[in-house]
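The structure appears right after this line, and notes come after that.
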Amino acid sequence: MSNFLNNPYYIEIMEFAMTQPAVKRKLDYRAIIELLPDYTQGVLEAEEMLAVDEYLRRHQHLLEELKSTDETMAHLALTTQAVTPTDDVKKALLSRVHSSLSNEPTVELRSPSAQEQEAAAPAESATRRPQMTWLDQLRYELGGGLTWPTSTALAVLACLLLAVLSVQMWRNQRIAFSRLDTVQQSAQALGNQNAQLQSANDEILQKLSERDQQLGQFATAMRSIALEGTEFAPQAGGAFYAGKMTGVLILSGLAPLPPEQTYQLWLIPADGDPVSAGLIQVTDDGVTITSINMDSRPQDFAAVGLSIEPVGGSPQPTGPIVLLGTVSS
């Protein structure tokens, strides 16, 4: 505020105005606020200068607004070069002031209304700050050093920072979703692998159970018949262990058949037609071990044979016999 109060030109005008008869003018709070910029520059009419000065003395809380206005005008003044008025200009201005004081009708300076007093009420104590807008509050907290252009620049900067942070958060969210999708896919793949391992484990357990049963059948077998390859499969071999209720067939050296064919086991009695003991599925590993149900099969067979039959089997052997063994007496 010292920028204009210490201006010699302003002091000269005020000294001249103080020597003139006192004037009064009706000025309310809003009018005072509108006149503050011109008041800080000393360009008001003399009676307006006095009216504003009187109003400020009665409403000390407006000095903060006056200070802010003065700083803003000072900031604007930095962009232009100060010009000292000539003596002719000063004489013309003083003459204008004198003429204005002589011709201006006397008006009464009124006190602000109750509504204006409420809006412009001073602070309740010296330590309580006046009611301010958020921008005035920001100025106050930062020592009153901010001007409107600076505040606008800070607001723009804050918006830019917010935009950058929003983009960064969006990118981080996309990365998190991508990683989550990858984790979910990996979890699904692990789940599939676990299911496959569980299925393989169940199959192994089933085979182990079958092997345990077959070992028991070996222990209780009543007869064992060695099987030898015929001219249709000289490389093949095997054995048949027969019990009262079950039997175990072991084969090796036989190749898997095409889909339209199958191996069929026959129990051959000394007299009569061969009796089918079931269809045999040969595996690719070269060794096949199969349990045979003997509950409804003849017990007095004299030989065991394995033939190649159409898929589904035959009532009697129709294909070549690839394995054959006789029961030793």
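The values are calculated or read from the model by the stated rules, or taken from the named source; none is laboratory data. Only a predicted model underlies this, so the values are computations on that prediction, with no experimental measurement involved. Here Cβ is always computed from backbone atoms with ideal geometry, including for glycine, and neighbour counts include all displayed protein chains. When the accessible area is computed, the model is the full protein with side chains, heavy atoms only, and any ligands, DNA or RNA have been set aside. Shrake-Rupley method; radii C 1.70, N 1.55, O 1.52, S 1.80 Å.
Details
- Output for the range 243-265, where each listed residue is of a type in the set (V, I, T) and under 15 Å from M222 (Cβ atoms): T246, V248
- Some residue of the range 250-266 being open to solvent by 10 Å² or more (accessible area, probe 1.4 Å) and touching a helix residue (DSSP H, G or I) at 6+ places or on another chain (Cβ under 6 Å): no
- With respect to (1) open to solvent by 10 Å² or more (accessible area, probe 1.4 Å); (2) out of contact with any Leu (no Cβ under 6 Å at 6 or more places or on another chain); (3) without any contact (Cβ under 8 Å) to a residue 40 or more places away in the chain, the lone exception for V275 is condition (2).
- For the range 258-288, taking the residues that are among the hydrophobic types (A, V, I, L, M, F, W, C) and within 22 Å of S328 (Cα to Cα), the one that is farthest from the chain's Cα centre (by Cα) is identified as A270.
- If you go through the range 30-47 and pick out every residue that is open to solvent by 30 Å² or more (accessible area, probe 1.4 Å), closer than 19 Å to L94 by Cβ and part of a helix (DSSP H, G or I), you end up with 2.
- When A200, A270, A219 are checked against the criterion of being modelled with pLDDT under 90, open to solvent by 40 Å² or more (accessible area, probe 1.4 Å) and touching an Asp or Glu at 6+ places or on another chain (Cβ under 9 Å), A270 stands alone in meeting it.
- Considering the range 297-311, and only residues there that are under 14 Å from A236 (Cα atoms) and hydrophobic (A, V, I, L, M, F, W, C), the residue that is surrounded by the fewest Cβ atoms within 10 Å (Cβ to Cβ) turns out to be I308.
- Selection within the range 284-296: residues that are of a type in the set (S, T, N, Q) and open to solvent by less than 60 Å² (accessible area, probe 1.4 Å). The member of this set that is farthest from A242 (Cα to Cα) is T288.
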